[in-house]
Amino acid sequence: MTRPRSQLWFALLASASCLHCGDDDGNQDGDVPIPTELSFELRVGGEPVSCGEEYPGVGAPAAPFTVTDARFYLSSFELVDAAGRGHAVELTPSAFQRDGVALLDFEDGCGPDGTEETNTTVSGLVAPGEYRGVRFTLGVPKDKNFLDLAQAAPPLDVTGMFWTWLSGYKFLKVDGSSPMETGGIFPYLVHVGAAGCPGDNAQAAPTGDCVAPNQAHYDLDGFRFGESKIVADLADLLATTDLAFNTDGTAPGCMSELDDPECRTIFERLGIDDADEQVLFSLE
Amino acid sequence: MTRTNKSSFRWSSAALALAALSLFACAGGDDGESPGQTAEYIWELPPGFPLPAVPEENPMSAAKAELGRFLFYDKRLSLNGTQSCGSCHQQALAFTDGLALAVGSTGVVNRRSSMSLANAAYNSAQTWANPVLKTLEMQVAVPLLGDDPVELGFSGQELELLDRLHDEPRYIELFAAAFPDDPADPVNLYNLVRAIASFERRLISGNSPYDAYTSGRDPDAISESAKRGAQLFFGERFECHHCHGSFALSTSVTWEGKSSVQISYQNDALYNLDGEGAYPGRDQGLFEITGRPEDMGKFRPPTLRNVAVTAPYMHDGSIATLREVIEDHYARGGRRIEDGEDAGDGALSPRKAVFVSGFAIEPQEVDDLLAFLESLTDESFLTDPSLSDPW
């Protein structure tokens with residue numbers, strides 16, 4: 001795409017839709033970025049998620065599932081214009097977002113390694129425009145994923161969302177349990193992050209690329225600026241998961257090990273392989 | 001917070017926490033020092049250690065920490081003159097006492113083991129299982145004034161303690177140097193608590209052979225066996241690092257500027273008296289504070305730094321060696337007690353932490369894990385003269 005044409009597009013879009021420009025005279029290169037807020041809602045079977053709450057009919061076979069943690073790192077936010085071009089959202093630094101990475105936190109400390117604070121929005125600045133879609137990535141970008149947690153700025157300083165320097169962050173952490181027939185509870189933890197990261201020192205960055213970066217890219221159509229919310233349903237994520245089964249010798253649930261069979265169906269549903277259709281996120 | 005009516009201990013520790021708070025509230029106000037981190041105090045932190053979070057009421061100063069050291073090791077801080085803080089927190093043992101259960105100044109046996117004070121400055125909550133006791137300032141009051149169990153034994157005798165301090169000429173100087181902006185008499189309980197907490201914040205351990213290895217300073221600082229052990233420790237097969245991760249080898253830590261504070265408590269599957277996960281009535285952990293059934297038997301995962309010198313292990317010192325901790329407890333996914341009043345199989349506890357799921361382990365791997373744990377011993381910390389008894 002040539003530069004003059006892109007500028008033309010931009011000017012047309014801006015003049016057609018920009019109600020926020022104030023006394024800006026429409027100089028296309030000088031368009032003042034406008035605030036945008038992306039709201040997220042996490043549900044289980046259509047109900048808003050609540051930490052410590054039991055939800056019926058999750059997984060296959062359907063079982064009651066009590067959620068004790070639900071957090072994820074998203075990054076590389078873009079709003080998509082009518083021409084399909086992405087416009088980066090510049091995140092406003094806070095305890096929950098900085099430098100392109102945001103932590104969505106739907107737990108309130110009801111679990112053993114949670115925190116009281118919650119966060120369900122991502123806010124920032126974007127060029128004015130008529131937007132039809134939103135894009136983002138599940139995961140922490142490679143250049144920020146392998147840090148010393150104790151030296152990292154928020155939101156990458158959250159202990160419960162970190163494995164080790166070598167393995168990086170848990171991009172998605174959904175912890176819960178279902179009751180067992182024998183009376184106890186069967187824990188099921190879904191921790192998605194990079195796997196197979198080379199190096200023999202857990203307290204140092206990997207020495208090369210990880211075998212499985214395990215990031216997922218989302219591109220949601222039908223976005224309405226200031227109106228849409230991004231909805232994710234854990235029942236969709238776990239729809240094909242047997243919450244009462246775990247392969248012996250593997251982590252309880254899916255912790256992204258290369259050979260953990262419980263991860264296969266969850267990764268598919270997350271769309272970690274671009275060839276797979278993701279089922280977690282949608283717009284409303 | 002709800003409380004059950006099980007024992008007076010939790011009442012006394014919770015009450016003491018409130019007392020400590022009100023101590024601050026009463027003495028409160030601005031003593032003229034700048035908040036939290038002072039420009040004058042220079043932390044000597046190991047590589048990778050963040051700045052400790054320091055309460056605004058008690059900014060660090062070298063003079064205060066030095067006063068705290070004298071107080072920490074002073075047996076006049078027990079009513080009968082037999083014990084100091086340092087009696088249960090001995091430097092050579094990483095500030096533990098080598099006993100299964102702590103013994104107070106009057107001979108009363110505590111129901112828990114003395115915790116290591118290594119890196120206590122970073123704890124997001126102090127002690128084994130009390131989320132109310134967040135800061136070291138709040139914690140100091142417990143052994144000093146607690147009456148169940150009696151530790152240092154000054155419950156209701158605070159004036160006697162202050163008289164003793166006034167009688168020691170050295171303290172007149174040390175308190176004056178530590179609290180130069182205080183009105184007429186800086187020798188008071190509020191300042192005593194702040195000084196001891198300041199000394200305890202200096203108990204930072206991060207100079208073990210393992211640190212030399214991980215920082216790249218000396219790739220051969222630990223044995224090949226220890227390197228294999230570290231990989232097992234931080235791997236997903238044994239799951240150790242979920243509770244004992246981070247620079248502190250405990251995930252229940254915080255520091256200056258951290259965006260959120262995580263306080264972790266876990267049921268370690270040590271007991272299962274009734275098949276429902278019950279711990280012995282003498283100590284049921286976090287449950288005693290919160291009254292929530294899911295908090296039965298939950299305790300704070302301690303740091304594993306210097307763990308080789310802090311035997312015996314667990315909150316009640318009920319496992320003698322690290323080898324037994326690995327082989328008889330974690331590998332089988334919880335401890336089984338054959339008979340007696342504590343009989344039961346922790347591995348079958350419905351309350352146990354998800355990461356205590358058990359694993360198959362080869363003899364060589366046990367040795368490797370032990371070699372790793374031993375590489376966490378920081379000799380310089382155990383022998384640093386500036387942390388030793390000054391009397």
In debye to the nearest 20, how big a dipole does segment B:65-186 give about its Cα centre with +1 on each Lys and Arg Cβ and -1 on each Asp and Glu Cβ?
620 debye
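Can you give the FRET efficiency to the nearest 0.05 for residue A:143 and residue B:380, using r as the Cβ-Cβ distance and R₀ = 60 Å?
Working: r = 35 Å, r/R0 = 0.58.
The computed FRET efficiency comes out at 0.95.
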Relative to the first principal axis of the alpha-carbon coordinates of chain A, what is the inclination of helix A:3-17, with its axis defined by its Cα atoms, in degrees from 0 to 90 and to the nearest 10?
90 degrees
So for the pair residue A:274, residue B:80, with labels modelled 7 Å out along Cα→Cβ, what separation do we get in nm?
7.6 nm
With the calculation restricted to Cα positions, what are the radius of gyration and Dmax of chain B in angstrom?
21.0, 66
To the nearest 10 degrees, how steeply does helix B:363-374 sit against the main Cα axis of chain B, on a 0 to 90 scale?
10 degrees
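Taking a ≥ b ≥ c as the square roots of the Cα gyration tensor eigenvalues, with a/c under 1.5 meaning rounded and otherwise prolate when a/b beats b/c, else oblate, which class fits segment B:251-365?
In terms of gyration-tensor shape, oblate.
Charges at C-beta only: +1 for Lys and Arg, -1 for Asp and Glu. How large is the resulting dipole of chain B about its Cα centre, in Debye rounded to 20?
Dipole magnitude for chain B comes out near 680 debye.
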Take the Cβ-Cβ distance between residue B:168 and residue B:56 as r, set R0 to 35 Å, and report the resulting FRET efficiency rounded to the nearest 0.05.
0.75
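Do you know the Lys pair count in chain B for C-alpha distances under 17 Å, with sequence separation 8 or more or different chains?
Going through chain B pair by pair, I get 4.
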Dipole of the protein assembly as shown (Lys/Arg Cβ +1, Asp/Glu Cβ -1, origin at the Cα centre): which of A:172, B:205, B:113 lies farthest to the positive side?
B:113
To two decimal places, what compactness ratio does the protein assembly as shown give when its Cα radius of gyration is scaled by 2.2 N^0.38 Å?
1.04
Only four residue types carry charge here, +1 at the Cβ of Lys and Arg and -1 at the Cβ of Asp and Glu. Report the dipole size of the protein assembly as shown about the Cα centre in Debye, rounded to the nearest 20.
380 debye
Once label points are set 7 Å from the Cα along Cα→Cβ at both residue B:323 and residue B:274, what is their separation, rounded to one decimal in nm?
3.7 nm
Just subtract the alpha-carbon distance of residue B:44 and residue B:338 from 0.36 nm times their residue separation and send over the number in nm, one decimal.
101.0 nm
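Taking 45 Å as R0, compute the FRET efficiency from the Cβ-Cβ separation of residue B:185 and residue A:32 and round it to 0.05. If you can, show how the numbers build up before the last one.
Numbers: r = 61 Å, r/R0 = 1.36.
Step by step, r from the Cβ atoms, then E = 0.15.
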Which length gain, in nm to one decimal place, applies between residue A:248 and residue A:229 when the Cα-Cα distance is subtracted from 0.36 nm times their residue separation?
2.9 nm
Return the Rg/Rh value of segment A:36-283, two decimal places, where both radii are evaluated on C-alpha atoms and Rh is the Kirkwood radius.
0.96
In whole Å, what is the distance between the alpha-carbon centres of segment B:270-340 and segment A:71-110?
41 Å
Rank by packing, highest mean first: peptides A:131-144, B:354-367, with packing defined as the count of other Cβ atoms within 10 Å averaged across residues.
A:131-144, B:354-367
Distance in nm between pseudo-label sites at residue A:53 and residue B:147 (7 Å out along the Cβ direction from Cα):
4.7 nm
Residue-wise HN-Hα coupling along segment B:64-71, computed from phi with Karplus coefficients 6.51, -1.76, 1.60 (Hz; x: Gly, Pro)
5, 5, 5, 4, x, 5, 4, 5
Relative to chain A, whose Cα atoms define the longest principal axis, helix A:261-270 and its Cα axis are tilted in degrees, nearest 10, by 20 degrees
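No value in this document is a laboratory result; all are computed from the given coordinates. Since we're looking at a predicted model, the values are computed, not measured. Every residue, glycine among them, receives a Cβ derived from its backbone with ideal geometry; neighbour counts consider all protein chains shown.
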